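All remarks here apply to the structure that follows.
Every read-out reported here was derived from the displayed coordinates using simple, explicitly stated rules and does not represent laboratory data. Every value quoted in this text rests on a predicted model; they were computed, and no experiment measured them. Here Cβ is always computed from backbone atoms with ideal geometry, including for glycine, and neighbour counts include all displayed protein chains.
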Amino acid sequence: MDGSRYTALFEAPGGKPILHAYPDPLTKAAPWTIGLGHTGPEVKQDSVWTEDQCWHAFANDYMQAQIHGAQVIGSSCWARLNAPRQGVLADMAFNIGAGRLGEFHKMLAAIRQGNWSLAKAELLDSDYAKQVESRAKTNAKTLLSGEWPNELA
């Protein structure tokens, strides 16, 4: 598994992107989303995309999420993390954005120290964990173990 596949499993549980725009789960309106969690000014309420468009947008979005994850944790720490732990940070950046990821001060400090049990606890003690409970639990477990979860493999 790699990080993009890890995030894709959350965004397209059946393995297929959603080809028509859907409302944000929290606002029940804008921002409109399509594919595998893609938002942007080009996504309107009546947008319909092909699978290829959705996967292309996801690849670009995930690449940006990796960059943001590395920026938030710091490039030297990012380089020390294994792929599953990088995948968690990229997934969180993908799901909630770099700005919100950067607000996880205690979790990020624990990651920098290699204190994986504290990093897990801090991730789970958040509004994020309440909003996306299953995803957050999987990310927390992956942070702690440093291994891709078997249930997603």
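Let me check I've understood the local charge: for residue 114, count other residues with C-beta under 11 angstrom from its C-beta, Lys and Arg +1, Asp and Glu -1. What total comes out? Walk me through the numbers on the way to the answer.
Details: positive: 80, 85, 112; negative: none.
Neighbour charge sum, excluding residue 114 itself: +3.
By the gyration tensor of its Cα atoms, with a ≥ b ≥ c the square roots of the eigenvalues, what is the shape of region 67-153: rounded for a/c under 1.5, prolate for a/b over b/c, or oblate? Don't skip to the answer; put the middle values down first.
Numbers: a/c = 1.31, a/b = 1.11, b/c = 1.18.
Rounded, because the longest to shortest axis ratio a/c is under 1.5.
Only counting other Cβ atoms within 10 Å, I'd like 22, 128 sorted with the fewest neighbours first.
Details: 22 12, 128 21.
Placing the least packed residue first, the sequence is 22, 128.
Please give the calculated 222 nm ellipticity per residue for the chain, where each DSSP H segment of at least 4 residues contributes -39500 (n - 2.57) and the sum is spread over every residue; nearest 500 deg cm²/dmol?
Numbers: 8 runs with 93 residues, N = 153.
Taking each H run of at least 4 residues, the total per residue is -18500 deg cm²/dmol.
Can you sort 10, 94 from fewest to most other Cβ atoms within 10 Å of each residue's own Cβ? Mind dumping the intermediate values first?
Details: 10 18, 94 28.
Neighbour counts put them in this order, fewest first: 10, 94.
Cross-link partners among aspartates and glutamates for residue 130, C-alpha distance below 18 Å, same-chain residues fewer than 8 apart left out?
Candidates past the 8-residue exclusion: 11, 24, 91, 103, 122.
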